[in-house]
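Here's the structure, in structure tokens; my notes come after.
Laboratory data are not the source of any read-out in this text; all were calculated from the coordinates shown. Worth saying up front: this structure is predicted, and the values here are computed from it rather than measured. A quick note on method: Cβ atoms are made from the backbone with ideal geometry, for glycine too, and the neighbour counts reach across all protein chains shown.
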Amino acid sequence: MTDSPIAGRVASDGMGIAYLDWGGTGPPLLLLHPNGFCAGVYDPLARGLVGRCRVVGVDLRGHGSSDDITDSGLLGNDAIAMDVLAVADHLDMDRFAILGVSFGGAVGIEVAVAAPERVGALVLCEAIAIEAGAREEQHFGAAGDDHPLAIGARRRRDVWDDRAAVLASYGSRPPMDALDPEALAGYVRWGFRDTDDGVVELACRPETEALIFGSERSHGPVEAFEALHRVTSPAAVMAGTHTDLDPSWFVAQAGALGVDLQLVEGGHFCLFEDTDRAVSLVDGNLRALGYLQ
């Protein structure tokens, strides 16, 4: 089992997109992370899957070691999907599976629509893909109205003394305290960067996270939901039993894909809460979808 992934970088649409490559045997699996996180949050799950798949996590633009982006016009799910395909091209992955959580699930949907012949399986967990009516009713990214998640993102503390301070703080309060400690450690390791001043700062700028949650961005959750109807890849949909989002979103996603909704004990980040369970869920879904033998 690989102890630490190999970091890489590729040019896409004039910007640098980073990735972590855990290696492994078997067909390729691309991991796409939630908003504000980075590929490193998948570290324990990726290490648990390297005996089944070649595992690579992408730092979506504006996150992790990818270039900073604070222009809402550059943060559409469709544009970010092209970065994912650029990483796949760089690594000579002609065909691959996708695991996308939250924001990463919305991007995964766009990848599956943009390159249907290349996506052998699409596994979504709490993907941010919402019917237009539901978005309007809940004011999720509605025009002229900042969503509370965007407001919260802008308030995030982005500079810390060191990673130990981040771990102590994040690990003591929800929702991060529910994460597997190794997943949290992976996020803090790769989701923060050292500065010349001797402190550490969030790799994903609070404004980037806010723009992805907010109303200014083109091609967001509604377009991702509409794209579900054009997905032809074998797919699975999971959601947490105690999600803080509207469970009807995920019922609708499963309905659009014609699959059963799988409920996983836990919250919005349920797939990062219990690594052994997550490995079993991902492996089982990839086998059920015919991607793994």
May I ask you to compute the full-extension gain from Ala165 to Asp94, defined as 0.36 nm times their residue separation minus their alpha-carbon distance, rounded to one decimal in nm? 21.4 nm
When only Cα pairs under 8 Å and 6 or more residues apart are kept, what is the percent relative contact order across the chain? 21 percent
Can you list, largest first and rounded to whole Å, the semi-axes you get for the stretch 173-275 by taking the square root of 5 times each eigenvalue of its Cα gyration tensor? 30, 20, 12
Quick one: work out the % antiparallel among DSSP beta bridges in the chain, nearest 5. 40 percent
At R0 = 51 Å the Cβ-Cβ FRET efficiency linking Gln293 and Ile151, nearest 0.05, sits at 0.60
Note down the magnitude of the dipole of the chain about its Cα centre, charges +1 on Lys and Arg C-beta and -1 on Asp and Glu C-beta and zero elsewhere, to the nearest 20 debye. 560 debye
Give a quick list of GluC sites (Glu not before Pro) in the stretch 176-276 that DSSP marks as loop, anything other than H, G, I, E or B, with at most 13 other Cβ atoms within 10 Å. Glu265
Average Cα contact separation per residue, the stretch 26-163, under 8 Å, 6 or more apart, as relative contact order %: 22 percent
Take the chain, connect every pair of alpha-carbon atoms lying under 10 Å apart with a spring to form a Gaussian network, then pick out the residue of Arg189, Arg155, Arg61 with the largest mean-square fluctuation. Arg155
Helix-derived [θ] at 222 nm for the chain: sum -39500 (n - 2.57) over DSSP H runs of at least 4, divide by residue count, nearest 500? -10500 deg cm²/dmol
Provide Rg and Dmax in Å for the stretch 20-135, with only Cα atoms included in the calculation. 13.5, 43
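When ranked by the protection proxy of mean other Cβ atoms within 10 Å per residue, highest first, what sequence do the peptides 98-106, 18-26 form?
The peptides rank, most packed first, as 98-106, 18-26.
Determine the sum of side-chain charges near Glu117: Lys and Arg each +1, Asp and Glu each -1, restricted to other residues whose C-beta is under 14 angstrom from that of Glu117. Working shown, then result.
Working: positive: Arg95, Arg118, Arg230; negative: Asp89, Asp94.
Net local charge, Glu117 excluded: +1.
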For Val199 and Val259, extending 7 Å from Cα along the Cα-Cβ vector and measuring point to point gives, in nm, a value of 4.3 nm
Can you give the FRET efficiency for Asp276 and Ser172, using 1/(1 + (r/R0)^6), R0 = 35 Å, r = Cβ-Cβ distance, to the nearest 0.05? 0.90
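If you take the alpha carbon radius of gyration of the stretch 6-288 and divide it by 2.2 N^0.38 Å, what ratio comes out, to two decimals?
With N residues counted in the stretch 6-288, Rg over 2.2 N^0.38 Å equals 0.91.
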